[in-house]
Amino acid sequence: MAKQGLGWMEWLRGWFNLIYEMLFQRIMASHLQNPLPLPPLNDLTCIITGSTSGIGLEIARQLAESGAHVVMAVRKPKAANELVQKWQNEWSGRGLPLNIEVMEVDLLSLDSVVRFAEAWNARLGPLHVLINNAGIFSIGEPQKFSKDGYEEHMQVNHLAPALLSILLLPSLIRGSPSRIVNVNSIMHYVGFVDTEDMNVVSGKRKYTSLVGYSSSKLAQVMFSSILHKRLPAEAGVNIVCVSPGIVQTNVARDLPKIVQAAYHLIPYFIFSAQEGSRSALFAATDHQIPEYCELLKADEWPVCAFISQDCHPTNPSEEAHNTGTSQKVWEKTLAMIGLPSDAVERLIEGQEVKCRYGAHQG
């Protein structure tokens with residue numbers, strides 16, 4: 001009998017984790033400096049999606065200021081170019097200019113993701129870090145679907161990043177040791193993925209933006225866990241999911257009243273975007289991350305590396321450990337994004353992979 005949803009104990013534990021993090025995240029992360037100190041990154045090339053606002057903006061700016069070649073992969077190139085100009089002006093006089101470029105990608109279009117990946121891979125250069133940061137949480141809005149036919153949270157938060165991660169494997173292997181960092185959410189603890197109803201249209205579950213968001217974030221963890229297992233050690237590509245913590249946004253409107261009360265109690269409890277960027281920056285740059293990922297793989301741990309908002313390894317939700325559902329999420333995702341089941345293996349071997357949304361040269 002297929003599982004229809006979270007058990008009430010799992011649901012309670014999920015909300016407990018969420019509320020606990022909201023109340024104590026600042027205490028748990030009190031050992032961290034803000035901004036997070038970064039080593040010199042002059043040899044690193046990093047692609048960051050959704051980098052014109054919030055956490056992504058902070059990630060891009062701080063990586064660039066530490067010397068990395070930063071590629072802002074964004075839906076609105078004009079806004080990104082204006083930011084780059086502003087940062088360059090602020091940085092002028094401190095030595096070399098920041099090494100930042102802007103490329104267009106729209107995660108609501110899988111065609112756009114394929115075009116972006118093809119353009120990047122055509123350079124035949126290395127990619128050291130892919131940070132899948134872009135995401136949406138359409139609070140209180142009715143259910144919406146992309147032109148590809150997928151529920152928007154599922155597409156932007158999970159399907160498009162999954163497609164981008166796989167298609168960029170040739171460049172990530174050239175940049176080995178490299179990493180894929182998925183900016184996830186503590187909200188995945190209250191998520192549930194029905195692999196027969198990824199769009200939440202069957203009526204078995206009532207759609208809310210909270211359901212759409214939390215299930216998309218859980219799907220990302222599950223998919224990342226299988227990708228982590230399928231990538232051989234010699235490929236040198238590691239997968240990490242991170243929680244930025246509860247960051248200053250207006251997401252509280254869709255949360256239960258008791259959580260809203262905690263959310264609005266004192267601004268002290270909520271992280272700024274700069275504080276929220278620390279776990280992703282840590283996962284992207286800390287030298288121990290590859291070793292930790294390989295340790296999990298050697299131990300046959302069922303889930304990928306997950307770094308909490310205080311930059312410590314933590315355990316994803318109980319449901320994320322469901323290896324049967326994770327495998328189904330993997331298979332269903334590949335079908336939805338138009339890739340064959342052996343896409344990863346073929347790209348590692350340098351073969352061409354056909355995608356329903358275009359051809360990708362391995």
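Every number in this text was worked out from the coordinates using simple rules, so none of it is lab data. Just so you know, these numbers come straight off a predicted model, no measurement behind them. Positions of Cβ are generated from backbone atoms using ideal geometry, with glycine treated the same way; all protein chains shown enter the neighbour counts.
Placing dummy labels 7 Å off each Cα toward the beta-carbon, the span from Glu294 to Ser138 is 4.3 nm. Compactness of segment 94-221, taken as the C-alpha radius of gyration over 2.2 N^0.38 Å, stands at 1.18. Given the options Gln288, Gly14, Ala162, identify the residue whose Cα lies farthest towards the positive end of the charge dipole of the chain (+1 on Cβ of Lys, Arg; -1 on Cβ of Asp, Glu). Looking along the dipole axis, the top candidate is Gly14.
Sorting the segments 324-331, 156-163, 183-190 by their residues' average number of neighbouring beta-carbon atoms within 10 angstrom, most packed first, yields 156-163, 183-190, 324-331. All alpha carbon pair distances within the chain were sorted into 10 Å bins beginning at 0; the resulting P(r) in whole percents reads 5, 26, 36, 25, 7, 1, 0. Magnitude of the charge dipole for segment 93-212, about its Cα centre and with charges confined to Cβ atoms of Lys, Arg (+1) and Asp, Glu (-1), is about 380 debye. For the chain, build the charge dipole from Cβ charges (+1 Lys, Arg; -1 Asp, Glu) around the Cα centre, then report which of Gly5, Gly175, Ser202 sits farthest towards its positive end. Projecting each Cα onto the dipole axis, the largest value belongs to Ser202.
Ranking Cys311, Leu57, Val211 by how far each Cα lies toward the positive end of the dipole of the chain (charges on Cβ) leaves Val211 at the top. Which of the GluC sites (Glu not before Pro) found in segment 92-201 are loop residues per DSSP with 16 or fewer other Cβ atoms within 10 Å of their Cβ? Hits after loop and neighbour filter: Glu196. The Cβ shell under 12 Å around Ile47 holds other residues with a net charge of +1, Lys and Arg each +1, Asp and Glu each -1. Using C-alpha pairs below 8 Å separated by at least 6 residues, the relative contact order for the chain is 20 percent. Stokes-Einstein diffusion coefficient for segment 112-184 at 25 °C in a medium of 0.890 mPa s, Rh from the Kirkwood formula over Cα pairs: what value in µm²/s? Stokes-Einstein gives a translational diffusion coefficient of 185 µm²/s.
Under a model in which nothing but the beta-carbon of Lys, Arg (+1) and Asp, Glu (-1) is charged, the chain shows a dipole of about 640 debye around its Cα centre.
The mean sequence distance of close C-alpha pairs (under 8 Å, at least 6 residues apart), as a share of the length of segment 38-165, puts its relative contact order at 27 percent. Dividing the radius of gyration of the alpha carbons in segment 269-362 by their Kirkwood radius gives 1.05 for Rg/Rh.
Of all the options Ala29, Ala122, Ala284, the one that moves most in a Gaussian network model of the chain with Cα springs shorter than 10 angstrom is Ala122.
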